[in-house]
Amino acid sequence: MIIRINYFPLLLSFFLTVPLELYYVVPLHTTGFVLTMITCWIGYKFENACGMGYWKSRTLAVALSLLAHIIFYETSAVNFLLLFSKEYHFRFQADKYSAWLGMASGLLWGKVGEYMQWAHGYDNEQRRRIASIIQFSVGVSLIAFWYCMFGSIQDKYTYNPVHPYVFIFAVIGWLMIRNCTRYLTECHSTFLEFLGRNTLETYVLQFHLFMTHNVQYIPVVIPGSGADGSAVLKFLNMLLCGSVFLTAAVFARKVTVATQVSVVDLVKNICGTKETSVTQVVPPSQSTEKANVDDEETVELTKVEGGERGVDAPARHLD
């Protein structure tokens, strides 16, 4: 993961002689990833070395992570970021609790899943309707609360300092609306999923391929599509530039992922680990035998589940 998100921006920064702070989101995400891994390791140690239960060990680890965030971001220690740049100092504070909120959400994800199963399962139609209405109403209320109290503030210098503490209301509100019915929980946008997989490359390359003049304009390729051109030509120019930009981003992602796999395999070979990320070619006979074994195991698992739940009342659950 660390190689994946840093490799391409570091190369661009070095060869194009641009400051790395232009891609500030990269060190921001890297720091959040490392903090999350450290928190997970602490929780694991609490459980295995200290004999704590799952919830106690994980909750304590997440609480310690919050304490570390508070000690750094709410004291003069945050000025340490000024040693790198003012841009980092501002950006890290604007998202200072994002990583921790992600950890807390991950800790509670199982409970959220249990609620979704209870609220939107097939066993009680009336409860599903009531839960959907309440969930939608609460979501709208949270977004309205955020907007009326904070989001409507026009002065960014007034809003920015409180953003890390209040934007969570809008995020939770949107998630409640987005998943207020069973249908919504089971559908997604394939196009947005595609864009999400290439987010890093699109973010990094936008400064070099898609935007010009201090990130205020896009290149004018089609004659007559400038600022004073017709709306149709400007729209076509945007589609052309966007297509080239997105194609380059997808290609860049494939290259960075391939490089990451190669580096990981190289390290494994150096360390003497036999497992690699390269897919092994299995002879047809072995492949068939393995498939048969998997099928038998699946059948046995189905029998066990059927025996526990009853053949006449199969369990239904959300995917």
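Each value in this text was obtained by applying a stated rule to the coordinates, not by laboratory testing. Note that the structure is a prediction, hence the values are computed from the model and not measured. Note that each Cβ is placed from the backbone with ideal geometry, even for glycine, and that neighbours are counted across all protein chains shown.
Per-structure values
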read-out: Lys, Arg +1 and Asp, Glu -1 on Cβ, resulting dipole of the range 121-187 about Cα centre, debye, nearest 20; value: 80
read-out: Point-to-point label distance, LEU240-LEU195, nm (Cα→Cβ direction, 7 Å offset); value: 2.2
read-out: Length added when fully stretched, PHE33-LYS45, from 0.36 nm per residue minus Cα-Cα; value: 2.5 nm
read-out: Theoretical gain in end-to-end length, ASN124 to SER141 [0.36 nm per residue, Cα-Cα removed]; value: 3.5 nm
read-out: For THR212, residues with placed amide H under 5 Å, excluding near neighbours; value: TYR217, ILE218
read-out: Peptides ranked, highest mean first, by Cβ atoms within 10 Å: ranges 117-128, 170-181; value: 170-181, 117-128
read-out: Range of Cα positions in the range 189-273 per principal axis (Å), largest first; value: 63, 30, 17
read-out: Cα pair distances exceeding 13 angstrom across the range 121-187, given as percent; value: 66
read-out: Label point distance in nm, VAL112-TYR217, each placed 7 Å from Cα along Cα→Cβ; value: 4.3
read-out: Rough spin-label spacing in nm, given labels placed 7 Å along Cα→Cβ, for ALA63 and LEU266; value: 4.5
read-out: Sites ILE2 and SER76, calculated FRET efficiency, Cβ-Cβ separation with R0 35 Å, nearest 0.05; value: 0.75
